[in-house]
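Values in this text are rule-based calculations from the coordinates and carry no lab data. What you are looking at is a predicted structure, and each value in this text was computed from that prediction instead of being measured. Ideal geometry is used to build each Cβ from the backbone, glycine not excepted, and the neighbour counts take in all protein chains shown.
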Amino acid sequence: MPIQRVNDFVVRFGNVNGSGSASANEMFARAVLRMGVPVAPRNIFPSNIQGLPTWYEVRITEAGHLGARGGVDLMVAMNPQTWEKDLASIDPGGYLFYDSTKPLPASKFRDDITVIGVPLTAICNREYTDPRQRQLFKNIIYIGVLTALLDMDVKVVEQLIGEQYKGKEKLVPPNIHALHLGRDYALMNLECPIGLKLKRADAVGDRIFIEGNSAAALGAVYGGATVCAWYPITPSSSLADAFTRHCAKLRVDPVSKKAKYAIIQAEDELASIGMVIGAGWNGARAFTATSGPGISLMQEFIGLAYFAEIPAVIFDVQRAGPSTGMPTRTQQCDLISCAYASHGDTKHVLLFPEDPAEAFEFSAAAFDLADRLQTPIFVMLDLDIGMNHRLSKPLAWDDNRAYDRGKVMTAAELEAGKEFGRYLDVDGDGIPYRTYPGTHPTKGSFFTRGTSRDRYAKYTEEGAPYVDNMQRLLRKFETAKDLVPRPLQANSANPTKYGIIYYGSTSPAMDEAIHMIEANGQPLDRLRIRAFPFHSSVPSFLADHDFVFVVEQNRDAQMRSLIVNECNVDPVRLVPVLHFDGTPITARFIAKSIGEHLEKLKMTPMRVVS
Amino acid sequence: MSVSLASEAHCVKALAAKDFSSGAHPIWCPGCGDYGVLAALERALAAYGRPSHEVVLVSGIGCSSRLPAYTNCYGFHGVHGRALAVATGLKLTRPDLEVITVGGDGDGYSIGGNHFIHACRRNVDMLYLVMDNRVYGMTKGQPSPTTEPDWDSDIAPGGIGLRPLNPLALAIVAGANFVARGFAGDPQGLADLIVEGIAWPGFAFIEVLSPCVMFRPEQGEWKKMVRPAAMPAAPDRAAATAQVLAEDGFNLGVLYRGDRAPVSVPVPTNASMSEIERQFEIGA
Ligand SMILES: Cc1ncc(C[n+]2csc(CCOP(=O)(O)OP(=O)(O)O)c2C)c(N)n1
Ligand code: SF4
């Protein structure tokens, strides 16, 4: 029985990288959005520039589930290289749309799906002579076919074409012509619509459609960043690109037209983090954007910034490691290498945004935290958030918000005789005062070093002042617990002894999974961790529940390790739920893993051995 | 059986370029210059005559650094920018192997810049071949150290405005003894340079102009601009440096030959595990 669904299905496009399909596919997603139906698109791309398989998945979801769902209802199979895999990915009862120019034997299909063939190549060859045109218009033609198959409002697509070619109006009519070539073919030759339909709705609201990297870059602009030093690496390069674009618009002196920012593509990641530290030391707000391999290279400098207490912001757009790993696949796999980055006793502040709106918010907050705590702050994004368009609540900014520049002693204070010791804990919160270089001719200067020193920044190899300083750094880390974004707790309507901890890009899948789990009569309380070090509500949540599932996207249960390490909890009570094949975690996966575990608990009550 | 016997056995039959191909289909864009470099390298290895299992290709990360996977030599595709370090360790412990390092301009001159300088001055016997397309291909078109100052890109609209690095001058100044320029569109000329570079005792550096059709389509013009160098390789380091600083970057051929002694390591007669382990022994 063919699947029958309205505004709730998954369309997946299988294409060849570099064939120009990306913009047509994105136009399809935007058209659905324009019809008032939320979409969650995801790009699954290879580490290559042209010729390898690439997929674009559009989850159409009036209910607003923005995580990956798993499974495919309609496969638009445009890449012969991946035919078998694409065919197999279709859910029973689903649909396959393919280019039928070359007839395929029945053995090439499945009999539990509906097969829709359109001779796309033949249509293109008849219509166009230029090979590049044949390629590009083929993409628009299949979008035209989809408008008929799914009963879409074709006017919306026409309008999007008009917007896409603003300034190149000559290109509008041929694209609209191609769109209708496909649509008319389908209307005349195929049964339209199929069981999957789109209906106008009003479910998008005021949400915006934005990539996490772009939102984070905008957060950096609003957060006051004027210096970006970086080195290209997927999936973080688009953050630096976006910062460049945002700054060109927002950070140019209106009178002199001069740029009020510096963006430096450095020779490597070591240089990038060094430049950030140099800029941060003198009071600028500076950041770098990188991914796992870059984090590995930056380790020594990060230790310096920790020990010498220099503000810095590091965006880690995580991808699947180790080493070069799967550079175009997503994971949450750098928690440990960031939390304890560098040799010796070090600990760092990490922020875990769940989506572009939080990427914006936490990005801006990171610069305040870096100045307040005088230490590196990591914003832990990942490829799934960073490089996909996500429907997100509008980015909010209060124009009255003042920057928190932290404890900076001024020339006037020094002049008035206030005591200055660069590493003196005057307030008991572990945070000392600093001065910007050049503050006062005779007072307040200090020497910055990565070697041990006393409270007045004087070199020392004595044990006691070293220990005093290291203890103070711990006090500062304690202080951070109340400054970073708090965890968010959502309790089940029914009391339960079981809980779930999750963070970052797992969020949308979890929001959906929780309904699936609860529908099974298994109530669970949820805690979304938004930062490290952990606020006191994390240990309380652990204390309130017998077992807590820790859901994450890495092999080694890195968040669970951080919790065990920092909260002194019995590891038996933390059940790892791990997804790490490089695809984004799905609600189906979470519900299944947790559901199975809860069933087991029901059958054989486990005893906690203490 | 000893290695030398094995190679004699192979040498009985002349090697062909295809004997060095892994058969894997390269995932470079159609028209990428790196195809020409691969063809030239296979041709050169066949002409040089050592069987593929006695050759090691070491690379970093980038489109160009994928090249070793398309040959059936021993390959080492490591981390971005560090290929020369790996190759040095390899050659010093297995001098019997033919070591060739390949990569891109980003890999070799930017993140790997300091290793490049020190490999030139260390002068360990190996060939280093850089496929220079004056752009970061793999990460989608950012400027590299050899990019022209006015080349327009998303990240640097209007150009980066920085003086490009001259890798040949740098190599000569840093102490390299064999410095050449080849072109991906001239596989035979490049193959000849590679054979000479492999045979050269010590560190040999070949800068290969290898167009990136995707992000630098204008490099299609290079084929009209290159020419065999009219000038002979300059006689001394200072003159050679001045010469490569003054030319336009399109002269092909060997531009400098020096005479510093290479690092020489005794070649073991036999590459068996027991021979390697004999070196672990502690002798008085
Ligand atoms: C430590 C580290 N930083 C960044 C990257 C991302 N990266 C991969 S390839 C590359 C540059 C490629 O340029 P080039 O070496 O010129 O080779 P091409 O692709 O142009 O052949 C970069 C920056 C990485 N893999 N590792
Ligand atoms: S992007 Fe450029 S360097 Fe990379 S394969 Fe394509 S043409 Fe070659």
Shape verdict for the range B:3-278, please, from the Cα gyration tensor: rounded (a/c under 1.5), prolate (a/b greater than b/c) or oblate. prolate
Shielding of A:256-268 by other chains, given as the mean Cβ count within 10 Å, works out to 3
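Below 9 angstrom from the Cβ of A:T234, what's the summed charge of the other residues (Lys, Arg +1; Asp, Glu -1)?
Numbers: positive: A:R319, B:K140; negative: none.
Spelling it out: positives minus negatives among the neighbours equals +2.
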Under 16 Å between alpha carbons, and skipping anything fewer than 8 positions from A:K481 in its own chain: which aspartates and glutamates qualify? A:D368, A:D371, A:D429, A:E566
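Treat the count of other C-beta atoms within 10 Å as a stand-in for reagent exposure and order B:E247, A:E478 from fewest to most. Could the numbers behind the result be given before it?
On the way: B:E247 16, A:E478 11.
In order of increasing Cβ crowding within 10 Å: A:E478, B:E247.
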Rounded to the nearest 5, what is the percent of antiparallel bridges among the DSSP beta bridges in the range A:5-197? 50 percent
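Chain B: longest stretch without exposed chymotrypsin sites (Phe, Trp or Tyr not before Pro) (DSSP loop, at most 16 other Cβ within 10 Å), sites themselves excluded?
Numbers: sites that count: B:F250, B:F280.
Of all site-free stretches, the longest is B:1-249.
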Nearest 10 degrees, 0 to 90: helix B:83-93 Cα axis against chain B principal axis: 20 degrees
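Of A:K418/A:K458; A:K258/B:K140; A:K170/A:K249; A:K249/A:K407, which pairs sit farther than 21 Å apart, going by alpha carbon to alpha carbon?
On the way: A:K418/A:K458 19 Å; A:K258/B:K140 28 Å; A:K170/A:K249 28 Å; A:K249/A:K407 31 Å.
As for pairs spanning more than 21 Å Cα to Cα, those are A:K258/B:K140; A:K170/A:K249; A:K249/A:K407.
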Can you tell me what share of the DSSP beta bridges in the protein assembly as shown is antiparallel? A percent to the nearest 5 is fine. 30 percent
Which trypsin sites (Lys or Arg not before Pro) in the range A:164-254 pass both tests, a DSSP loop state and at most 15 other beta-carbon atoms within 10 Å? A:K166, A:K168, A:K199, A:R200, A:R251
The local net charge around B:V37, scoring Lys/Arg +1 and Asp/Glu -1 for residues other than B:V37 whose Cβ lies under 11 Å from its Cβ, equals -3
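Among A:R555, A:R69, rank each residue by its count of other Cβ atoms within 10 Å, from fewest to most, as a rough exposure measure.
With the sparsest Cβ surroundings first, the list reads A:R555, A:R69.
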Take each of the peptides A:570-582, A:104-116, average the number of other beta-carbon atoms within 10 Å over its residues, and list them starting from the highest. A:570-582, A:104-116
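Across peptide B:102-112, how many C-beta atoms of other chains are within 10 Å of each residue C-beta, on average? Spell out each step's value before the answer.
On the way: counts 0, 0, 0, 0, 4, 0, 0, 1, 7, 9, 2.
Mean shielding count: 2.
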How big is the antiparallel share of DSSP beta bridges in the range A:488-602, given as a percent to the nearest 5? 20 percent
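With each run of n ≥ 4 DSSP H residues scored as -39500 (n - 2.57), what mean residue ellipticity at 222 nm is computed for chain A after dividing by its residue count and rounding to the nearest 500 deg cm²/dmol? Please report the intermediate quantities before stating the final value.
On the way: 19 runs with 231 residues, N = 610.
Counting only the DSSP helices, I get -12000 deg cm²/dmol.
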If each residue's Cβ is checked for other Cβ atoms within 10 Å, how do A:I264, B:I194, A:I336 rank with the fewest at the top? A:I336, A:I264, B:I194
Sequence-distant aspartates and glutamates (8 or more away, or on other chains) whose Cα lies within less than 14 Å of A:K166: A:E158
Packing-based order for B:142-150, A:403-411, A:501-509, A:525-533, using average beta carbon neighbours within 10 Å, highest first: A:501-509, A:525-533, B:142-150, A:403-411
Contact order relative to length for chain A, counting C-alpha pairs under 8 Å separated by 6 or more residues, stands in percent at 12 percent
Within 10 Å of each Cβ in A:292-305, the average number of Cβ atoms from other chains: 1
